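Trainee: Below is one structure. I have some questions about it.
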C-alpha cells in the first residue's frame, strides 16, 4: 500500500527528474535509485529514505496499485469528502470521512 507521504516523495522525485508520475516508462526504471542532496534538502529527508520510498511506490505501481490523490484525503478509502472535527489535545486537526466514517489526523 502506498502512503500519502510516499506518494508525495514520489511526485516530487518525478518532478525533480522531469518525469511524469504516470505512466511508468523505461526512464522511471533507470532513475528509481537516484536521489541527490538537493532533492533530499527540498524534502527534508535523507537520500536513502527517498530511494526506499521511490522504490516501494515503483513496485506498487508495477503491481497495479494506484497513487493516492494529492491533498487531504481519507487514508482508508482515499475519499476527499471530509469533515473537520475539533483539534485534539495535542493541537492536531482531526478529520472525519463522510464516506467510510473513518476518523483520522492528517499529517503533512
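A short reminder: the numbers here are calculations on the coordinates, not readings from a lab. Bear in mind that the values here come from a model prediction, so they are computed numbers and not experimental data. Cβ coordinates were reconstructed from backbone atoms using ideal geometry, including for glycine residues, and neighbour counts include every protein chain displayed.
Trainee: Kindly put 52, 103 in sequence by how many other C-beta atoms sit within 10 Å of each C-beta, fewest to most. All intermediate terms of the calculation are to be shown ahead of the outcome.
Mentor: Details: 52 16, 103 12.
Final ranking by Cβ density, sparse to dense: 103, 52.
Trainee: Quick check on the exposure proxy: order 12, 54 from fewest to most C-beta atoms within 10 angstrom. Walk me through the numbers before you get to the answer.
Mentor: Numbers: 12 16, 54 23.
Fewest to most other Cβ atoms nearby, the residues stand as 12, 54.
Trainee: How large is the translational diffusion coefficient of the range 1-45 in µm² per second when you combine the Kirkwood radius over alpha carbon pairs with Stokes-Einstein at 37 °C and 0.692 mPa s?
Mentor: Values: Rh = 11.0 Å.
After rounding, the answer is 298 µm²/s.
Trainee: Hey, what number do you get for the chain at 222 nm if only DSSP H runs of n ≥ 4 count, each worth -39500 (n - 2.57), divided across all residues, to the nearest 500?
Mentor: Values: 4 runs with 42 residues, N = 108.
Calculated from helices alone, the mean residue ellipticity at 222 nm is -11500 deg cm²/dmol.
Trainee: Work out, in µm²/s and without decimals, the Stokes-Einstein translational diffusion coefficient of the chain at 20 °C, 1.002 mPa s, Rh from Kirkwood over C-alpha pairs.
Mentor: Details: Rh = 15.1 Å.
Stokes-Einstein gives a translational diffusion coefficient of 142 µm²/s.
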